[in-house]
Structure formats: structure tokens, C-alpha cells
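Undergrad: Questions regarding the structure given below will be posed in turn.
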Amino acid sequence: MRCSDPAKFKSIRKFSGWTYPALSGWKANTSLKHGSVNLNDLGIKVKMRGQAKQWGKPTTLTIVYKPGLKQWFASFTVEVSDVAAKFGSQSELAYNSIVAFDLGCETAITTYNGKDVEQISNPRFTQKTEVKIKRASKELRRKQAPNRNKKTKASQRWKKANKRVARLQRKAGTQRWDWQHKVTSEIASRYDIGATEHLNTKGMTRKAKKGSKRKKQKAGLNKSIVSVGFGTLNKMLTYKIEAKGGLMIVLPTKNIKPSQRCPKCGIIHKEWAELSNRHHVCSDCGFEIPRDAGSAIVMYNVVTNQQPGLRTSLDSLGCLSSTSKTSKCKNTGSMKQRSACEETKIRASGGTGRNPVRRKRRGSSL
């Protein structure tokens with residue numbers, strides 16, 4: 001009997017994997033390092049290679065295929081209980097080490113701890129591999145690419161060239177990820193309290209408007225911001241400092257204006273907002289300082305309540321840590337209720353540790 005509707009070929013790019021929503025159908029035989037996973041429906045046992053930072057009760061499993069690598073990966077979701085952060089007298093931290101850091105493109109991270117200004121240069125992984133990627137992409141365009149409309153298949157040379165381009169792009173991303181982890185771990189290990197400004201990374205990396213004369217400049221700025229990874233650096237520093245019981249303070253940029261405010265006298269200079277102005281000289285007090293270092297000093301002075309020109313507290317400025325947004329309280333007239341509410345905010349920023357939080361831990365290659 002002939003089939004009226006024969007089966008259609010499905011490309012591996014469309015069918016990239018599947019998910020086990022429960023514990024049935026698979027079993028993970030690992031604790032933290034290496035191990036194996038049993039796929040009961042396929043009747044196979046595959047070895048795993050890699051080490052996870054934390055491990056708990058496995059809940060779901062997703063099998064993913066990456067065509068560029070031609071490899072299969074297993075992504076586990078496990079239940080991990082957050083460690084309850086202890087504040088005040090119960091904490092082992094002294095909370096005397098405070099650091100304010102400013103992110104930039106010229107210098108990736110500029111920190112200030114009350115005494116010294118430290119600068120971490122931008123490694124520019126994307127810019128270093130850009131020339132090789134362009135050269136490999138040019139060779140790729142000369143090969144026969146797949147075209148569904150013309151019903152032409154990709155040549156073997158095109159597949160090899162496409163793999164070379166993917167390998168170079170993946171290398172830049174891996175180098176940046178490794179550098180971010182090393183830098184943030186080193187900073188989080190030395191300080192108990194961190195302070196930074198709120199950055200709208202999505203808005204900062206938007207494309208230039210149509211007809212803009214500075215379209216190329218905006219594209220270059222976006223590339224530099226993505227190369228450093230502002231959003232990823234902030235997230236890494238936040239969870240690494242809070243994981244050991246520390247505090248992370250996010251200052252509102254519009255109210256404080258760290259890049260436009262003089263650290264010594266507190267006067268705001270609107271002309272300092274231009275990115276081309278890399279060295280600031282205050283016309284009132286004559287104070288001179290580089291742009292990124294001045295922003296870090298202003299944020300440190302705000303946290304320690306010694307910044308001229310700002311006679312407000314952190315609470316009135318709306319400074320929140322990354323996790324204290326979940327704690328909401330009303331501004332009542334009673335000082336007792338107000339102090340109790342602020343104590344709840346501080347405790348909420350560290351986590352209670354009662355309810356287990358489901359975190360997605362990505363396993364290594366199969």
C-alpha cells in the first residue's frame with residue numbers, strides 16, 4: 001500500500017534536541033565531576049565530561065545538538081538550596097572592605113576602595129578575532145551556499161568554511177567568558193560590599209537611527225560594549241559578592257550622575273557627559289582626574305556618605321540591591337516601623353534559604 005503523503009526530510013538544524021520534563025526516561029549518574037547519563041528510551045548510556053559548581057536533585061534534562069560543533073550536549077536542571085547569608089553579628093564578614101567599580105570601553109573595569117584606583121584594561125577579544133573572521137567569511141561567500149529556492153545544496157567546501165567561521169566566533173566568546181569569571185572572582189574575594197551604577201545595556205547598544213551621521217561611530221561603540229559585556233560583569237559581581245554574604249548596592253545613575261559630578265566639590269558639569277571627554281578638570285575647584293576614575297570615586301563617596309553636593313541617604317536615592325526589589329514596604333510615619341522595614345530589606349537581599357531555588361546547570365559535552 002503506497003503512502004499518499006510520504007515523509008519529509010527534517011534537517012538537524014530544525015530538530016536541535018528534545019527535553020525530558022520529568023525524571024522518567026533518564027537517569028544521571030554523577031555528583032559533581034564527570035559521570036554518565038542513561039537514556040532509557042534510546043537504550044544507551046553516555047559518559048559525561050566536566051565539573052559543575054553545585055549539584056542537587058535533578059528535575060529535567062534537555063538534549064541539545066549544536067551543528068557548528070557537531071556535538072551533543074546535556075543540560076540538567078537541578079534543585080539547589082540557597083545558602084542563607086548571615087548579616088550583622090551573625091556574619092563572619094567585617095563589612096569594612098568597600099569597592100566601587102565603573103565599567104567602560106577604554107578601560108573595562110575601574111575600581112576604587114577608598115585609597116587606590118585600579119584599572120583593568122579591555123582585552124578586546126572581539127576586535128582581535130575580527131580580522132580573521134572577516135577573512136574566513138570572505139572565503140565562505142566564494143563557496144556554493146545552500147539555496148532552497150534554487151534547490152541547490154551546500155558544497156563540501158562551504159561546509160568546511162562555515163565551520164571555520166563558527167569556530168572563530170566561538171573562540172572570542174569563550175575567551176571573554178573565561179576572562180569575566182577570573183576578574184569578577186578576584187574582585188569578589190577581596191571586598192564585602194560592592195557599589196556600581198545602574199546601566200541600561202539594552203538601550204546603550206541600540207542601533208543608530210536612520211539617516212544618522214554617526215552610524216559608524218555608534219556601531220563601533222556597540223561593538224566595544226558587547227566585547228566587554230557590561231550586563232554579564234554586573235551579574236557575575238552581584239551573585240558572587242552576595243553568595244558569601246556580602247552586599248551589592250546599585251546606585252541610580254540619573255540622580256547621582258557619577259560621570260558628570262566632581263568628586264571633590266560635587267558640582268555637576270554637563271559637558272563631561274560627552275564620551276570624547278576622557279579627562280575631567282573641574283572649573284570651580286581645579287580638581288583633575290580621568291573620567292572612569294572620577295565616576296568610581298563619586299560612587300564610593302555616595303556609599304560612604306561623604307560626597308559633597310548630595311545630602312541624601314541611600315534609601316531616599318532609591319538604591320537597591322539585585323534581590324531586595326522583592327521586599328516591598330510602605331513609608332509610614334513611625335520610625336520603628338521604618339527601621340524594621342529597612343532591616344527586612346537587608347535580610348531579603350541575602351536570601352532566606354528556606355525554599356529551594358531551581359537553577360539551570362549546564363552539563364558538559366556527551
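The values are calculated or read from the model by the stated rules, or taken from the named source; none is laboratory data. What you see is a predicted model; the values in this text were computed from it and never measured. A quick note on method: Cβ atoms are made from the backbone with ideal geometry, for glycine too, and the neighbour counts reach across all protein chains shown. Side chains are part of the model used for accessible areas, which takes the heavy atoms of the whole protein and leaves out ligands, DNA and RNA. Shrake-Rupley method; radii C 1.70, N 1.55, O 1.52, S 1.80 Å.
Undergrad: At what distance in angstrom do the alpha carbon centres of region 31-58 and region 125-139 lie from each other?
TA: Computed from Cα coordinates, the inter-centre distance equals 36 Å.
Undergrad: Not counting ligands, DNA or RNA, and with a 1.4 Å probe, what is residue 116's accessible surface area in Å² rounded to the nearest 10?
TA: 90 Å²
Undergrad: Given contacts defined as C-alpha pairs under 8 Å and at least six residues apart, what's the relative contact order of region 131-269, whole-number percent? Working shown, then result.
TA: Details: 110 pairs, mean separation 31.2, N = 139.
Relative contact order comes out at 22 percent.
Undergrad: Please give the solvent-accessible surface of residue 81 in Å², to the nearest 10, using a probe radius of 1.4 Å with every protein chain present.
TA: Approximately 80 Å² of residue 81 is accessible to the 1.4 Å probe.
Undergrad: Using a 1.4 Å probe and counting only protein heavy atoms, arrange 158, 18 so the residue with the most accessible area comes first.
TA: My answer, sorted largest first, is 18, 158.
Undergrad: Based on the Cα coordinates of region 118-202, what is the per residue volume of their convex hull in Å³?
TA: Hull volume over Cα atoms, normalised by residue count, gives 137 Å³.
Undergrad: So what does residue 221 come to for accessible area, using a 1.4 Å probe and Å² rounded to 10?
TA: 50 Å²
Undergrad: Report the one residue of 185, 113, 165 whose Cα lies farthest in the direction of the positive end of the charge dipole of region 102-220 (charges on C-beta: Lys and Arg +1, Asp and Glu -1; origin at the Cα centre).
TA: Value computed over the given set: 165.
Undergrad: What is the percent carbon and sulfur in the accessible area of region 99-211, measuring with a 1.4 Å probe over the protein chains and ignoring ligands?
TA: 49 percent
Undergrad: Which order do 15, 287, 101, 125 take when ranked by solvent-accessible area (1.4 Å probe, heavy atoms of all protein chains), largest first?
TA: On the way: 15 110, 287 60, 101 0, 125 35 Å².
Final ranking, largest accessible area leading: 15, 287, 125, 101.
Undergrad: Something else: Can you compute 3J(HN,Hα) from phi for each residue in region 301-307, using the Karplus curve 6.51 cos²θ - 1.76 cosθ + 1.60 with θ = phi - 60°, rounded to whole Hz and x for Gly and Pro?
TA: Values, residue by residue: 5, 5, 5, 8, 6, 9, 8 Hz.
Undergrad: Taking just the alpha-carbon atoms of region 227-274, what radius of gyration and Dmax come out, in angstrom?
TA: 14.5, 40
Undergrad: Just how many pairs of Lys in region 109-150 have C-alpha atoms closer than 30 Å, counting pairs that are eight or more places apart or on different chains?
TA: 6
Undergrad: Tell me the per residue accessible area of region 253-300 using a 1.4 Å probe; a whole number in Å² is fine.
TA: Accessible area per residue: 50 Å².
Undergrad: Suppose we look only past 24 Å in the calculated P(r) of region 62-212. What percent of the Cα-Cα pairs does that tail hold?
TA: 62 percent
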